[in-house]
Structure formats: C-alpha cells, structure tokens
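Have a look at the structure below before the remarks.
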Amino acid sequence: MGSIEVDNVRKVYDSKDGDIVAVNGVSLSVDDGEFVTIVGPSGSGKSTLLRMVAGLESITDGTISIDGTVINDLSPQNRGVAMVFQEYALYPHMNVRKNMSYGLKLTTDLPSEEIRDRVEETAEMMGIEDLLEKKPGNLSGGQQQRVATGRAIVRDPEVFLFDEPLSNLDAKLRLHMRTELQRLQEDLGTTSLYVTHDQTEAMTMSDRIVILDGGEIQQVGTPETVYAEP
Ligand code: ADP
Ligand code: ADP
C-alpha cells in the first residue's frame with residue numbers, strides 16, 4: 001500500500017504578473033515502500049509538486065493517484081498522506097501530546113485510549129516521551145523536528161511527504177536526524193517523497209532521485225546513476 005502515480009501533472013498559479021507555470025507536465029510512478037527524493041534548484045517546482053500530492057494545492061491538469069485511486073478531489077485528510085514541513089508547523093498553543101493527537105481526533109473515530117496509546121508508542125519511537133507535556137516554544141529545533149515527524153507517523157499514513165525537513169537544523173543535528181529518518185524508513189517501510197537541497201541526503205537516503213528544473217523532470221534514476229561522474 002502506498003504506490004503513487006503522477007500522470008502529466010501541471011500547476012499554473014495566477015499572479016498579478018500573469019500565469020506562473022510551476023509544474024509543467026510531470027509524470028512519475030513511485031512504488032509501494034520506495035523512498036524517492038526530489039532535488040532541483042530553488043523555484044523548480046519541488047514544493048508545489050509535493051503540496052499537490054498532499055492536497056494543499058489544487059492540481060491544474062493531470063491526475064495523481066494513490067494505490068490506484070485518483071486523489072485530485074480528496075481532502076488532505078482523506079489521501080492517506082502525512083507531511084513534515086521545513087518549519088515544523090507545530091501548533092504553538094498545544095503541548096506535544098496534543099500536537100500529535102489532534103489530527104487523529106479530527107479525522108478518525110478511534111477511541112481516546114487508543115489515540116493515547118498510539119501517541120505514547122510513537123513518542124517512544126521518536127525519543128520524545130519526556131516532552132509530551134511541553135509546548136513547542138520550549139523545544140529545541142531538533143526536538144521540534146522529532147515532534148513533527150512523530151505527528152506524521154502517528155497518523156499511520158500510506159505515504160510520507162517531507163519538504164526539506166532537516167534544512168533548519170545545524171550540520172551535526174542534520175546528520176543525526178538523517179540517520180534517524182533512514183532507520184525509521186527501514187522500520188516502517190512507508191512510501192516516501194522527500195524534497196531536499198542537500199545532495200548528501202539525496203545520495204544516502206533515496207532509492208531513486210528525481211531532478212526537477214523549470215517544473216519539468218530532467219532526470220530520474222538511482223543515486224549511483226544520477227550522480228555518476230560523466
Ligand atoms: P521549489 O520548491 O523548487 O523552490 P516552488 O514549488 O516553491 O519551487 O515554486 C515553483 C514556482 O512557482 C516558482 O516560480 C514560485 O515562485 C512559484 N510559486 C510557488 N508558490 C506560489 C504561489 N502561491 N503563488 C504564485 N507563485 C507561486
Ligand atoms: P488548521 O488550518 O485547521 O489549523 P492545518 O492547516 O495545519 O490546520 O491543516 C490542514 C489540514 O491538514 C487539517 O485538516 C489537518 O487534519 C491536516 N493535517 C495536519 N497535519 C498534517 C500532516 N502532517 N499531514 C497531512 N495532513 C495534515
């Protein structure tokens with residue numbers, strides 16, 4: 001569960017300076033359990049593509065399917081995806097426990113004991129069980145990143161969407177979190193689409209790398225083929 005089919009997708013933003021074609025006819029198949037990284041220069045459409053899969057941006061043309069179901073018109077909560085953002089996007093007024101349980105309460109009818117158990121299990125897995133009663137403002141960047149990842153995991157999604165999740169961390173923490181995300185990927189085996197600027201992240205984490213430029217796919221391949229010396 002968790003295969004993604006992006007079929008000839010376009011995104012055109014209206015702006016006061018005219019139309020901006022952010023994604024221009026992208027097609028891509030991601031297998032169940034595959035970890036695919038999207039790289040490319042700033043403005044190449046990486047975020048827009050991810051946000052269309054997440055349902056945070058409408059799709060101008062083309063279709064996106066997950067497990068064979070077209071998701072173009074499904075709400076974000078009904079797509080089986082969970083996203084982790086660069087800015088963590090935690091709710092500042094809620095403690096960690098509430099940040100993690102809120103989405104489940106809103107979108108499932110799980111009994112509250114089960115939600116509590118799932119939050120606590122996930123918090124242990126992410127090493128944040130001692131932070132559950134704290135507010136995000138009292139956490140370090142690395143801790144907030146763990147909470148944001150935990151909040152995505154607790155939803156038990158078919159697909160993880162990561163938008164530069166490690167960019168705000170210092171180099172040492174970035175390396176540490178990269179190793180943790182890799183371990184997580186091995187443990188959970190959830191399909192992942194991962195946007196990054198960092199070539200080392202792309203090299204070490206991905207099954208396949210997609211290079212976007214000008215809203216179009218320039219190259220798709222394994223890390224070895226994409227970054228092979230010419
Ligand atoms: P990347 O993630 O690769 O940096 P983006 O997907 O953010 O690229 O942006 C792709 C293009 O779409 C850029 O030209 C950007 O300026 C434009 N864009 C992104 N979001 C919006 C928006 N909400 N309104 C208008 N243009 C946008
Ligand atoms: P709101 O604006 O209602 O405070 P958000 O804009 O953060 O909430 O989220 C919009 C919708 O996306 C919500 O219905 C929420 O359930 C869902 N959502 C929240 N976090 C995630 C996530 N990490 N991945 C996918 N969907 C999420």
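The values are calculated or read from the model by the stated rules, or taken from the named source; none is laboratory data. Just so you know, these numbers come straight off a predicted model, no measurement behind them. Reconstructed Cβ throughout: ideal geometry from the backbone, glycine too, with neighbour counts over all protein chains shown. Ligands, DNA and RNA are stripped out before the accessible areas are found, and what is left, the full protein with its side chains, is counted by its heavy atoms. Shrake-Rupley method; radii C 1.70, N 1.55, O 1.52, S 1.80 Å.
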Please list, ordered by residue number, the helices (runs of 4 or more DSSP H) wholly in the stretch 37-152 having 2 or more residues that are within 16 Å of ligand 2 (Cβ to nearest atom) and touching a strand residue (DSSP E or B) at 6+ places or on another chain (Cβ under 7 Å). 46-54
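Scan the stretch 108-130 for residues that are hydroxyl-bearing (Ser, Thr, Tyr) and open to solvent by less than 60 Å² (accessible area, probe 1.4 Å) and report the count.
Adding up the residues that qualify gives 2.
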Quick one: which residue in Val9, Val21 is among the β-branched types (Val, Ile, Thr) and either over 23 Å from Phe85 (Cα atoms) or in contact (Cβ under 8 Å) with a residue 60 or more places away in the chain (or both)? Val21
I'd like to check which strands (runs of 3 or more DSSP E) are fully inside the stretch 165-230 and have at least 1 residues that are within 16 Å of ligand 2 (Cβ to nearest atom). 191-195
Have a look at Val81, Val96 and point out the one that is modelled with pLDDT of 95 or more, touching a Gly at 6+ places or on another chain (Cβ under 9 Å) and over 30 Å from Gln219 (Cβ atoms). Val96
Could you look through the stretch 21-34, keep only residues that are surrounded by fewer than 22 Cβ atoms within 10 Å (Cβ to Cβ) and closer than 19 Å to Gln218 by Cα, and pick out the one that is farthest from ligand 1 (Cβ to nearest atom)? Ser29
Mind listing whichever residues of the stretch 81-128 are of a type in the set (Asp, Glu) and in contact with a Phe, Trp or Tyr (Cβ under 8 Å, 6 or more places away or on another chain)? none
Determine which single condition Gln199 fails, assuming it passes every other condition in (1) open to solvent by 60 Å² or more (accessible area, probe 1.4 Å); (2) over 16 Å from Asp163 (Cα atoms). (2)
From the list Val81, Val147, Val96, Val119, which residue is closer than 23 Å to Ile4 by Cα and not polar (S, T, N, Q)? Val81
In the stretch 157-196, what residues are closer than 15 Å to Ser47 by Cβ and aromatic (Phe, Trp, Tyr)? Phe162, Tyr194
Return yes when Met1 is aliphatic (A, V, I, L, M), open to solvent by 70 Å² or more (accessible area, probe 1.4 Å) and within 22 Å of Gln185 (Cα to Cα) and no when it is not. yes
Condition broken by Glu201, with the remaining ones in (1) at pLDDT below 90; (2) touching a Leu at 6+ places or on another chain (Cβ under 8 Å) satisfied: (1)
Among the residues of the stretch 52-93, write down those that are of a type outside the set (A, V, I, L, M, F, W, C), open to solvent by 60 Å² or more (accessible area, probe 1.4 Å) and more than 16 Å from ligand 1 (Cβ to nearest atom). Gly68, Thr69, Asp73, Gln77, Asn78, Tyr91, Pro92, His93
